[in-house]
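Below is one structure, written out as structure tokens, with a few remarks after it.
The values are calculated or read from the model by the stated rules, or taken from the named source; none is laboratory data. Bear in mind the structure is a predicted one, so any value in this text is a computation, not a measurement. Here Cβ is always computed from backbone atoms with ideal geometry, including for glycine, and neighbour counts include all displayed protein chains. For accessibility, only protein heavy atoms count, side chains too; no ligands or nucleic acids. Shrake-Rupley method; radii C 1.70, N 1.55, O 1.52, S 1.80 Å.
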Amino acid sequence: MAFSGVKNDRGELRILENLDELRTDLADYIAELSEAAVKERGVFAIALSGGSLIGLMGKLCEAPYNKTVDWGKWYIFWADERVVAKSHSDSNYKLAKDGFLSKVPIVPSHVHSINDSVSAEEAADEYTFVIRQLVKSRMVSVSDISDCPKFDLILLGMGPDGHVASLFPNHAVLDEKDEWVTFITDSPKPPPERITFTLPVINSASNVAIVVTGESKTESVHLAIDNIGPDSPSVPARLVQPTKGKLVWFLDKPAASKLDSLQFPE
Ligand SMILES: O=C1O[C@H](COP(=O)(O)O)[C@@H](O)[C@H](O)[C@H]1O
């Protein structure tokens, strides 16, 4: 690992030498959280995102994780989803199914994807209902400081504009305080219709990891993590601040290259 440490209130930073190291560190982290949650609660409730994250989780499908992780105890959710058919190449569900879920023995009935045959608004409402039922049956914990679900782990990527899940810069969705899952129909990144966990749900999780790689995200990583002045633009990723949970950033060197006070040996 090139660097590991705590950066003020912005969580733990893990900056990895290369993508291979990042994939291994991420797989170790997820496997450890899974083991701890299964030991404590008997289940592991994990929310995925789309984009580059799924490829970076690839090591979980390989030895030793494919044999050592207690896949039967996993309950899968999505922190955001594009409102398209599940067979569409834009679907975050399809991405995860093809790249991850089909390669490990997860119980199909534990995979909670959205209803892709209704409007974005209805899909968000139905997804909230599904999560409520699982909170009632304690498959998903409940936060002790809000009425929100408390996922064991929410995995987020971050776009070059600093968006996480489908929480985009300067969008009203960032102010949503009442809903667990909401919808947008005007995403600046296609496709336009999406559902997304809201900030209160993300910030109620026991663990949140933001996984970011590549030079195109350097500036947003800086804006999300460093102590920037009041005149600097903020990015949605900066609003990820788990109230009682733990935030970990997984970064490669290009993504981390503009972070203050990080000197890499030549
Ligand atoms: O549209 C989305 O983008 C973000 C970031 O994707 P990446 O490919 O730049 O990592 C992703 O986290 C989100 O789930 C997805 O819907």
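For the range 32-48, indicate whether the set of residues that are within 16 Å of the ligand (Cβ to nearest atom) and surrounded by fewer than 16 Cβ atoms within 10 Å (Cβ to Cβ) is non-empty. Before you say what the answer is, go through the steps one by one.
Residues of the range 32-48 within 16 Å of the ligand (Cβ to nearest atom): 46-48.
If we keep only those that are surrounded by fewer than 16 Cβ atoms within 10 Å (Cβ to Cβ) as well, we get none.
No, the range 32-48 contains no residue that is within 16 Å of the ligand (Cβ to nearest atom) and surrounded by fewer than 16 Cβ atoms within 10 Å (Cβ to Cβ).
Please indicate, with yes or no, whether at least one residue in the range 52-73 is in a strand (DSSP E or B), within 20 Å of the chain's Cα centre (by Cα) and at pLDDT 95 or above. Steps first, answer last, please.
At the first step, the residues of the range 52-73 found to be in a strand (DSSP E or B) are none.
Scanning the range 52-73 turns up no residue that is in a strand (DSSP E or B), within 20 Å of the chain's Cα centre (by Cα) and at pLDDT 95 or above.
Report yes if some residue within the range 165-175 is at pLDDT 95 or above, of a type in the set (Gly, Ala, Ser), at negative phi and under 16 Å from the mean Cα position of the chain (by Cα); otherwise report no. Yes, the range 165-175 contains a residue that is at pLDDT 95 or above, of a type in the set (Gly, Ala, Ser), at negative phi and under 16 Å from the mean Cα position of the chain (by Cα). Looking at Arg14, is it under 17 Å from the mean Cα position of the chain (by Cα), open to solvent by 30 Å² or more (accessible area, probe 1.4 Å) and more than 22 Å from His222 (Cβ to Cβ)? When the stated conditions are applied, Arg14 does not pass them. Tally up the residues in the range 140-162 that are open to solvent by 10 Å² or more (accessible area, probe 1.4 Å), within 16 Å of the ligand (Cβ to nearest atom) and either farther than 26 Å from Ser220 by Cβ or touching a strand residue (DSSP E or B) at 6+ places or on another chain (Cβ under 9 Å) (or both), please. Matching residues across the range 140-162 total 1.
Does Lys217 satisfy the criteria of being open to solvent by less than 40 Å² (accessible area, probe 1.4 Å) and among the basic types (Lys, Arg)? Against the criterion (open to solvent by less than 40 Å² (accessible area, probe 1.4 Å) and among the basic types (Lys, Arg)), Lys217 qualifies.
Reported count of residues in the range 107-123, each being out of contact with any Leu (no Cβ under 8 Å at 6 or more places or on another chain) and part of a loop (DSSP other than H, G, I, E, B), is 8. Scanning the range 76-104 for residues that are over 21 Å from Ser34 (Cβ atoms) and assigned to a helix (DSSP H, G or I) turns up Lys94, Asp98. Whenever a residue of the range 124-139 is part of a loop (DSSP other than H, G, I, E, B), its partners that are open to solvent by less than 80 Å² (accessible area, probe 1.4 Å), lying with C-beta atoms within less than 7 angstrom and at least six residues away or across chains, give the pairs Met139/Val43; Met139/Ala45; Met139/Tyr75.
Say we look at the range 75-95 and pick out the residues that are surrounded by fewer than 23 Cβ atoms within 10 Å (Cβ to Cβ) and under 16 Å from the mean Cα position of the chain (by Cα); which of these is nearest to Phe197 (Cα to Cα)? Spell out the reasoning first.
Step one: filter the range 75-95 for residues surrounded by fewer than 23 Cβ atoms within 10 Å (Cβ to Cβ), giving 75-76, 84-90, 94-95.
Retained after the next criterion (residues that are under 16 Å from the mean Cα position of the chain (by Cα)): 75-76, 95.
Values: Tyr75: 16, Ile76: 14, Leu95: 18 Å.
Taking the candidates together, the pick is Ile76.
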